[in-house]
Amino acid sequence: MHSSPRRSISWCQLLLFVPVAAWLVAGCASVSRHPATSTWLQLRDDMNLVLHQAISIPPGRSTVVIQQGEVIYGGRNRYLPFCELSVRELADQPQLIQPDVFRITAVRGQTLYVQRPAMPLPQLAALDSFVLATSAGSDDSLPIDITETWRMRLASTTQPWVILLVCGGEEDNLVSQAEPPTLEQIGLALGSVASLQRAKMISRP
């Protein structure tokens, strides 16, 4: 009686599987990472978010965007670093976040994938037998933009409902070129609205 031979996976088969797995991941909203980079290590080193001015979160929302030192209530510029400050719950009334010092208790990297609508091709008039062939624009053909972010869990004894700061770099359509923001870029995004400071160097708002 012969036992059936075990099937082994060659390195070539494994390498073929990796791109497929990566494409499956790209369909998701985000992928968590824990990169041991210089910025990641600095953010984890007793860092705090110091909010220098009050911020109002509109009714029905839990997040507000800060970009180029301004609080933005509309769409952000996808090609500039940004930060998002989030509260725990939605509310029917505006939620006012007062100037405060928020301790950063955890930091992790996250890759965001956004599928953008395809740009419509201009309509051209048919000339005799000339026919313009266009793509139907299926989901598989839509471009995917990538944003690398830092997610910082926040803690405050006076405003415990403020829970998260997310800072991201500019969007790119290539994984190899999308980068999470540096501390300098985060500072440019926050401007005079807020700043990242170590506990021993904090200047109170």
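The values are calculated or read from the model by the stated rules, or taken from the named source; none is laboratory data. Bear in mind that the values here come from a model prediction, so they are computed numbers and not experimental data. Here the Cβ is made from the backbone with ideal geometry for all residues, glycine too, and neighbour counts use every protein chain on show.
Table for the structure above
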{"read-out": "Count - residues of the range 41-57 that are over 19 Å from residue 180 (Cα atoms) and modelled with pLDDT of 95 or more", "value": "8"}
{"read-out": "Test: residue in the range 67-76 that is under 21 Å from residue 161 (Cα atoms), surrounded by 15 or more Cβ atoms within 10 Å (Cβ to Cβ) and at pLDDT 95 or above", "value": "yes"}
{"read-out": "Residue selected from the range 81-95 under the condition of a type outside the set (A, V, I, L, M) and in a strand (DSSP E or B), by the criterion surrounded by the most Cβ atoms within 10 Å (Cβ to Cβ)", "value": "83"}
{"read-out": "Of all residues in the range 48-80 being part of a strand (DSSP E or B) and in contact with a helix residue (DSSP H, G or I) (Cβ under 8 Å, 6 or more places away or on another chain), the one that is farthest from residue 101 (Cα to Cα)", "value": "67"}
{"read-out": "Residues located in the range 39-82, provided they are within 24 Å of residue 144 (Cβ to Cβ), touching a residue at least 24 places away in the same chain (Cβ under 8 Å) and among the hydrophobic types (A, V, I, L, M, F, W, C)", "value": "80, 82"}
{"read-out": "Filter result (assigned to a loop (DSSP other than H, G, I, E, B), modelled with pLDDT under 95 and over 13 Å from the mean Cα position of the chain (by Cα)) within the range 176-205", "value": "176, 177, 182, 202, 203, 204, 205"}
{"read-out": "Residue in the range 156-175 that is modelled with the lowest pLDDT, counting only those that are part of a loop (DSSP other than H, G, I, E, B) and of a type in the set (A, V, I, L, M, F, W, C)", "value": "175"}
